[in-house]
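Here, each number is a calculation from the coordinates, and none is a lab measurement. In this text the structure is predicted, and so the values were computed from the model without any measurement. Methodologically, a virtual Cβ is constructed for each residue, glycine included, from the backbone with ideal geometry; neighbour enumeration extends over all protein chains shown.
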Amino acid sequence: MLSDLDSLMRGRGIDAVIVPMHELAHAAFRWITRGAKVTRGYAIKLLDRAPLLLAYPMERDEAAATGLETRLIHDFGYDAIFKSAPNAVEAYATFFNGVLRELGSGKVIAFVGSVPFHLYFGIAEGMEQRGWSIYWSSGDDLTQLARKRKEAWEIETIASVGARTEAVVDRVRRILRQCVVEDDHLLFQGEVLTLGNLKQVVSSEIARLNMVEEHETILSQGRDAGIPHSRGDAAAVVRPSVPIVLDIFPSDRDSGYFFDLTRTFCVGPIPPELQRIHGDVLAAFQLAAEEMHAGTPASSYQALVCDFFEARGYATIRSNPQTIHGYVHSLGHGVGLDVHEKPFFSLTPSNHDLIEVGDIVTIEPGLYFPDREIGVRIEDTLVVREDGRVESLCRSDRALVP
């Protein structure tokens, strides 16, 4: 929430935050500018004041459409500065120095977001030479901390992405339900079905529903399903009686907000071992969802699920950090303008993330045994409601049968 950014700035003694964007849109800029449709620009956030968007003349209407206070770069002498400066670092340092002084900023400033390091390291040094004090973080991105808790409209937007994501999964379900098992493969409408066929359906449906597949969807089976982020072999024939993991995480084409959902399917007779492992993963999911509430450490739910799996004889990354069998990853993560953002659930001592009202999180336990051609993961995206409990934004069941 934007109000959280002021609290974070105040707690760190920061007077001004500069969020630049150079051709490549990133989450920090999208968030603070309300999704400005510009190719370049600079957001300036002074403590306890609304963000100001500095825009280039060619994109002044797009900048104004955000509803933010907008000024043009030439209001601050941009053209003259860049024509006379010996290099880009000196030009930007002179430009930002002039902007901040005219706005009446205090002396401590922070640069935030995905910025060109080769450029902004020098700009920061140039700002210090001009009398500003640069805030150097210990690794946290101020805007990621601030956007951890979502506004109501953000929750609605993510839920909309979720509904469309479910529609894509439903399309895959329908195909799998219509398949005929024949020996060691599946037939769909008389043709041998491959993972590539399913991937093409997923990609086309994501695009049709006004979403973007920024990273290839995970759609794998058998041994590959036992390696959590294996994208799967597109040329492979879809086989009966092995797990098929579909992990889909598209973003909305307009707003940039993500959703994250995983289901594990099996077509044909389900082997007893796979049924048992799926049951344990589902039970772990339900346990975490039932226990999770606001005001508690996110890491405590990773510990809870590790307890659950270890009690059933499975290795975990807590009992054996190097294991590639059993429970080999963290329980979940936040979701927003990044598909992976705070809160994080890891058990590292430096993780102090709390579950808070307004968080959007995933719960995604899994068990993996690649040498036995088994991998199972179940994942929902959930919201922490005002009463402190979590509510799934997913409507579909989590059964093995499609």
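A compact table of results
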item: Partner aspartates and glutamates for K199 [C-alpha distance under 17 Å; skip if fewer than 8 residues away on the same chain]; result: E166, D170, E191, E213, E214, E216, D224, D233, D247, D260
item: Computed log₁₀ I(q)/I(0) - Debye formula, equal Cα scatterers, no solvent, segment 67-180, q 0.10, 0.15, 0.19 Å⁻¹; result: -0.53, -0.83, -1.09
item: For segment 150-157, 3J(HN,Hα) per residue [Karplus equation, 6.51 cos²θ - 1.76 cosθ + 1.60, θ = phi - 60°, Hz, x = Gly/Pro]; result: 9, 6, 4, 5, 5, 4, 5, 5
item: Which labelled figure in (i) 25.1; (ii) 23.1; (iii) 21.9 is Kirkwood radius over Cα pairs in Å, once derived from the coordinates; result: (ii)
item: Helix 88-103 axis, angle to the chain major axis (alpha carbon atoms, nearest 10°); result: 70 degrees
item: Surface/4 of the Cα convex hull for segment 1-117, nm²; result: 7.0 nm²
item: C-alpha long axis of helix 195-208 to longest principal axis of the chain, angle in °; result: 40 degrees
item: Using θ = phi - 60° and Karplus 6.51 cos²θ - 1.76 cosθ + 1.60, couplings along segment 286-303 (whole Hz; Gly, Pro as x); result: 5, 4, 5, 5, 6, 8, 5, 7, 5, x, 10, x, 4, 5, 5, 7, 5, 4
item: R385 paired with N87, simple spin-label distance in nm, labels 7 Å along Cα-to-beta-carbon; result: 5.7 nm
item: Low-density loop cleavage sites - GluC sites (Glu not before Pro) in segment 355-402, where at most 16 other Cβ are within 10 Å (DSSP); result: E386
item: All-pairs alpha carbon distance profile, segment 106-259, 5 Å steps from 0, percent; result: 2, 8, 13, 14, 12, 10, 9, 9, 7, 6, 4, 3, 2, 1, 0, 0
